[in-house]
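Nothing in this text is a laboratory measurement; each read-out follows from the coordinates by a stated rule. Since the model is a prediction, treat every value here as computed from it, not as a measurement. Glycine gets a Cβ as well: all are built from the backbone with ideal geometry, and neighbour counts include every protein chain shown.
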Amino acid sequence: MTALLTITILVLIAIAIWQMTKIFQLTQVARENSQVATYKDNDLQGKLMYVFLIFIYLITIYSFWAWGDVLLPESASEHGVEYDRLMWISFALIFFVQTVTQALLHYFSYKYRGLEDTKALFYADNDRLEFIWTIIPVIVLAGLILYGLYTWTNIMNIEEDDDSLVVELYAQQFNWKARYAGQDNVLGDANVRFLQDYDGKNLVGIDSSDPNGQDDIVVQELHLPVGRQVIFKMRSQDVLHSAYMPHFRAQMNCVPGMITEFAFVPTKTTQEMRMFPEVAAKVQRINKIRHQNSQELIANGEEPLEAYQFDFLLLCNKICGASHYNMQMKIIVESEEDFNKWLAQQATFAEVIQ
Ligand SMILES: [Cu+2]
């Protein structure tokens with residue numbers, strides 16, 4: 001693969017040099033003879049601009065058709081709906097403007113190609129036209145930015161109430177740990193200095209002298225109750241990480257030495273999400289590929305791949321080291337009842353260090 005890439009780059013560099021010498025030659029000719037392209041060339045180039053326009057549009061349509069289904073499924077959090085709306089409005093605007101301006105650009109290139117009996121018109125400027133094409137983008141962009149700021153403020157305005165669940169996400173090379181605040185809903189103080197305590201059983205460095213930490217629960221699989229606000233407090237042990245929960249449209253950097261925050265309300269349970277036709281179809285496609293690969297593995301006398309099942313994931317979205325790609329934790333969204341049942345089975349910090 002690396003060899004192929006190197007060869008491709010070398011070929012591209014060679015083509016670039018060749019093109020540059022050609023341009024250099026053309027500039028040399030121009031000094032002796034002002035005509036560097038014939039009218040026939042101009043006509044051909046003009047028509048090629050049209051061909052290229054058709055190519056761009058066709059490849060756009062093909063991309064939508066071929067890869068439209070790799071997008072994330074419907075958002076599984078409350079604010080995610082707002083976030084998606086903002087993104088789709090931005091996409092639609094960009095798509096519309098791109099389609100129109102690209103067509104105009106290529107149309108004018110063709111229309112004003114060099115013709116034998118026409119002379120170029122010298123047209124210095126037009127204040128009214130310039131005003132129009134400045135003010136329209138200004139208004140549209142200002143609208144988009146204001147709408148974006150409004151959405152951002154709504155999402156980032158974390159209002160903690162009695163019902164909120166406080167969860168710490170603890171990032172380290174290369175895994176995640178989650179800590180629930182326990183009965184008191186207050187996370188105990190923590191510091192990397194305490195990681196060595198209790199023969200390494202103090203997984204996230206809880207300060208054992210802080211009474212708030214005694215009932216804290218550290219887990220390696222994140223469970224969340226549906227319909228309840230979850231306030232995440234992020235910490236990192238070593239380098240910059242980024243807690244990324246794509247299905248909930250959530251991402252926040254985890255910075256060593258400080259606590260960052262993000263909050264959302266999960267609106268769909270894992271079970272509900274698996275039932276969505278869009279998600280089911282995606283799972284089916286993945287399993288088809290896994291099945292094909294399994295056939296090969298079986299032929300080689302190896303174990304076949306397990307069937308994939310949809311699960312929410314917490315991923316790291318900051319290249320944080322060699323095993324960054326594998327830094328993930330499963331998230332299970334379930335009913336309040338199931339969640340409480342699960343949480344009651346987990347050992348508290350006091351129990352772990354006994
Ligand atoms: Cu990471």
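Quick rundown of the values:
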read-out: 21 Å Cα-Cα reach of K47 towards lysines, excluding residues that sit fewer than 8 places from it in its own chain; value: K111, K119
read-out: Distance in nm between pseudo-label sites at N212 and M258 (7 Å out along the Cβ direction from Cα); value: 1.9 nm
read-out: Dipole magnitude (debye, nearest 20) for the chain, charges at Cβ of Lys, Arg, Asp, Glu; value: 2020 debye
read-out: Contact order normalised by residue count of region 31-156, Cα under 8 Å, 6+ apart, percent; value: 49 percent
read-out: Angle between the chain longest axis and helix 39-67 axis [Cα atoms, degrees, rounded to 10]; value: 20 degrees
read-out: Loop-located trypsin sites (Lys or Arg not before Pro) in region 46-151, at most 13 other Cβ atoms within 10 Å (DSSP); value: K119
read-out: Selected from T151, I139, S109, residue furthest toward positive end of dipole (region 31-156; charges at beta carbon); value: S109
read-out: Region 167-220: trypsin sites (Lys or Arg not before Pro) falling in loop per DSSP and having at most 14 other Cβ within 10 Å; value: K201
read-out: Alpha carbon centroid spacing (whole Å) that separates region 255-311 from region 124-162; value: 37 Å
read-out: Cα→Cβ-extended label distance, 7 Å offset, between A124 and I298, nm; value: 8.0 nm
read-out: Projected-area mean, the chain, by convex hull of Cα positions, square nanometres; value: 28.3 nm²
read-out: Most mobile listed residue (L12, L314, L146) in the chain, GNM with C-alpha springs under 10 Å; value: L12
read-out: Cα radius of gyration and Dmax for region 1-155 (Å); value: 23.1, 69
read-out: Fluctuation leader among V81, V167, V140 - the chain, Gaussian network, Cα springs under 10 angstrom; value: V140
read-out: Helix 277-299 vs. the chain, principal-axis angle (Cα, 0 to 90°, nearest 10); value: 90 degrees
read-out: Normalised contact order of the chain, rounded percent, pairs of Cα under 8 Å and 6 or more residues apart; value: 17 percent
read-out: Where GluC sites (Glu not before Pro) fall in DSSP loop in region 78-142, at most 13 other Cβ within 10 Å; value: E116
read-out: Charge sum, other residues only, whose C-beta stays under 13 Å from S236's C-beta, Lys/Arg counted +1 and Asp/Glu -1; value: +2
read-out: Residues of type lysines that K177 reaches as a straight line, Cα spacing below 25 Å, ignoring anything fewer than 8 places off in the same chain; value: K201, K233, K268, K318, K330, K341
read-out: Top of F262, F122, F131 by mean-square fluctuation, Gaussian network on the chain, Cα under 10 Å; value: F122
